[in-house]
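**Student:** What follows is a single structure, and I will ask about it in a moment.
The values are calculated or read from the model by the stated rules, or taken from the named source; none is laboratory data. On a predicted model such as this, the values are computed, not experimentally measured, just so you know. Please note: Cβ atoms are built from the backbone with ideal geometry, for glycine as well, and neighbour counts cover all protein chains shown.
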């Protein structure tokens, strides 16, 4: 392989990496926005449980009846998104 072909191959790989980087940046931005929206939803529900269509008494009854599981699952999902975003940011910083 001559030098020109090697350089062309390297250029192609650099373009592919640049494309992947841009795709990851867009995906990261989407995940950040989604994460922000979910945090705002959680905050709104914590401040005003009636916004979810339940009265305060219903909310208390639901919590007493074990519906904390849904809240825990939501928190776990948010934590998972945060970890994925952190991995993307770390990956971007390493490249």
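**Student:** Please go through region 11-46 and give me each residue that is touching a residue at least 24 places away in the same chain (Cβ under 8 Å) and under 20 Å from residue 79 (Cβ atoms), ordered by number. Reasoning before the result, please.
**Tutor:** First, pick out the residues of region 11-46 that are touching a residue at least 24 places away in the same chain (Cβ under 8 Å): 17, 21, 24-25, 27-28, 31-32, 34-35, 38-39, 42.
Correct list: 27, 28, 31, 32, 34, 35, 38, 39, 42.
**Student:** Checking residue 67 against (1) at pLDDT 85 or above; (2) surrounded by 10 or more Cβ atoms within 10 Å (Cβ to Cβ): exactly one of these is not met. Which one?
**Tutor:** Condition not satisfied by residue 67: (1).
**Student:** Search region 20-59 for residues being loosely packed, with under 12 Cβ neighbours inside 10 Å and assigned to a loop (DSSP other than H, G, I, E, B), and hand back the single one that is modelled with the highest pLDDT.
**Tutor:** 48
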